[in-house]
Amino acid sequence: MPNADTNDGPLQGVRVLDIGTMLGGGHCTSLLADFGAEVIHVELPERGDSLRGMGPFKNERSLRWAVVGRGKKSVTVDLHTIDGQNLVRQLVAISDVVTENYRPGKIKEWNLGFDELRTINPGVILLSLSGYGQTGPKSQLAGFGRVIEAASGMMNQTGERDGPPFQMGVPIVDYIAGTFGAMAVSMALYDRVGNDGEGQWIDLSLYESVIRVLDSLITRQDVLGDTPERMGNRYINVAPSDVFKTRDERYVFHSSATQTVFVRLMTAIGRTDLLDDERYATNTARISPDAGIENINDIVQAWFSSRDLDEVMRAMEEHDVPCSPVNTMVEVTEDPQLLERDSLIKRNYAGVGDVMMPGLVPKFSGTPGSVSHAGPMIGEHTSEVLGELLGLTPDDLDGLSDRGVI
């Protein structure tokens, strides 16, 4: 892993002005910062980004902010004021990218819409992340990640067959959309090179981001008229596939995603006789109503139930069967695979000390990037950015502070 004080990532030299808040946009810009972009995050004076108020906490500091705010510069500017809007417009003039995640139309009220921004800087790329998109009948609805998880149908696929829908254990919708956002910004920067330096407006929605990763569920519904329902840990398209319980009450996940894997599994559990049984010989047969997904999963479960975890894992590894214990965070944070590859790193977080967080994904051989620091203090870089980039004097900064603009 490169030195944390330097960043030689592929986005070095790109300046991103992040005027948004919360998680989706924040994850997007943290990814850009990981790989070299200078991210200037504009926050409200005193209150800061709303993520700072979200737990878990240590010494009254948000541990979520430590990760999402990493590598960024924090500048406090009140966008509700004319002076604050003018400061942001000056920063737009020297930035490559602007990101925001307010309700559609809000930044236009602040005279920061795309038409205004491209007048200031024709090369600027604006990423607007919203719940449902900038247009359409739902565009003005409030849309947070968990709400979108329900609206998209994803939540309806999670949970036991006869139980209620379950939400995911992490805010996956925001992270999916944020990752799409970082990809979109990178593509727009590439396009700008061959487009006479012209920027563009990226309309990204939480809703459509999740729709894009729904596997073949929408196509299945359209073509077959088949509405997939919850199946717990079993999978409608593959069998066997489940979280299996061992004799010593540990959980292991396995999915026979290919026929080759199924053959290896049957060999490992001593049931090669099933390979010649027409009910189980192919995946198509195994998931058919006649065979019943439950049948083959129950057969595999019976084998797991008669053995402890160590014995199960030895057998699976000996026969090259992909599976894993369902690990706790204790086991994840101690995983030698992650530690050896610097996929878990520690950075100092003011008021807390060194904190562990995910490393960089993916890994570049030539321009690996780095994480310079955990989430900054509110306004930690206000004087630096406004002074060095905009040429404001200490008296200018004092005046803006006295008026509550910064």
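The values are calculated or read from the model by the stated rules, or taken from the named source; none is laboratory data. These numbers were taken from a predicted model, which means no experiment stands behind them. Here the Cβ is made from the backbone with ideal geometry for all residues, glycine too, and neighbour counts use every protein chain on show.
Tell me, please, whether a residue that is in a helix (DSSP H, G or I) and surrounded by 14 or more Cβ atoms within 10 Å (Cβ to Cβ) can be found in segment 127-146.
Taking segment 127-146 as the starting set, the residues that turn out to be in a helix (DSSP H, G or I) are 145-146.
From what is left, the residues that are surrounded by 14 or more Cβ atoms within 10 Å (Cβ to Cβ) are 145-146.
Yes, there is a match, as at least one residue in segment 127-146 is in a helix (DSSP H, G or I) and surrounded by 14 or more Cβ atoms within 10 Å (Cβ to Cβ).
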Inset, instruction - Tell me, yes or no, whether segment 328-351 has at least one residue that is within 30 Å of Leu87 (Cβ to Cβ) and touching a helix residue (DSSP H, G or I) at 6+ places or on another chain (Cβ under 9 Å). - result: yes
Inset, instruction - Please work out which residue is farthest from Val67 (Cα to Cα), limiting yourself to segment 165-175 and to residues that are outside any helix (DSSP H, G or I) and in contact with a Gly (Cβ under 7 Å, 6 or more places away or on another chain). - result: Pro165
Inset, instruction - Kindly list the number of the only condition in (1) crowded, with 22+ Cβ neighbours inside 10 Å; (2) assigned to a helix (DSSP H, G or I) that fails for Val98. - result: (2)
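Listed here are the residues, each with its yes/no results for (1) in the same structural domain as Leu274 (by TED's automatic domain parsing); (2) surrounded by 16 or more Cβ atoms within 10 Å (Cβ to Cβ); (3) not hydrophobic (A, V, I, L, M, F, W, C).
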site: Asn297; (1), (2), (3): yes, yes, yes
site: Arg307; (1), (2), (3): yes, yes, yes
site: Glu311; (1), (2), (3): yes, no, yes
site: Glu317; (1), (2), (3): yes, no, yes
site: Lys346; (1), (2), (3): no, no, yes
site: Asp354; (1), (2), (3): no, no, yes
site: Gly359; (1), (2), (3): no, yes, yes
Inset, instruction - Run down Leu217, Leu204 and say which single residue is touching a residue at least 40 places away in the same chain (Cβ under 8 Å) and either of a type in the set (Ser, Thr, Tyr) or closer than 22 Å to Phe253 by Cβ (or both). - result: Leu217
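So is Ile287 β-branched (Val, Ile, Thr) and modelled with pLDDT of 95 or more or not?
Taking the combined requirement at face value, the residue does not satisfy it.
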Legend entry - Checking Ser324 against (1) part of a loop (DSSP other than H, G, I, E, B); (2) more than 19 Å from Arg64 (Cβ to Cβ), the condition it does not meet: (1)
Inset, instruction - Determine if segment 196-210 includes at least one residue that is of a type in the set (A, V, I, L, M, F, W, C), touching a helix residue (DSSP H, G or I) at 6+ places or on another chain (Cβ under 7 Å) and more than 30 Å from Ala142 (Cβ to Cβ). - result: no
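Residue-by-condition table, conditions (1) surrounded by 16 or more Cβ atoms within 10 Å (Cβ to Cβ); (2) under 22 Å from the mean Cα position of the chain (by Cα); (3) of a type in the set (Gly, Ala, Ser):
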site	(1), (2), (3)
Gln12	no, yes, no
Gly26	yes, yes, yes
Ser30	yes, yes, yes
Val42	yes, yes, no
Glu46	no, no, no
Gly53	no, yes, yes
Arg61	yes, yes, no
Lys72	yes, yes, no
Asp78	yes, no, no
Legend entry - Subset of segment 68-127 that is without any contact (Cβ under 8 Å) to a residue 60 or more places away in the chain and basic (Lys, Arg) - its residue that is nearest to Leu397 (Cα to Cα): Arg89
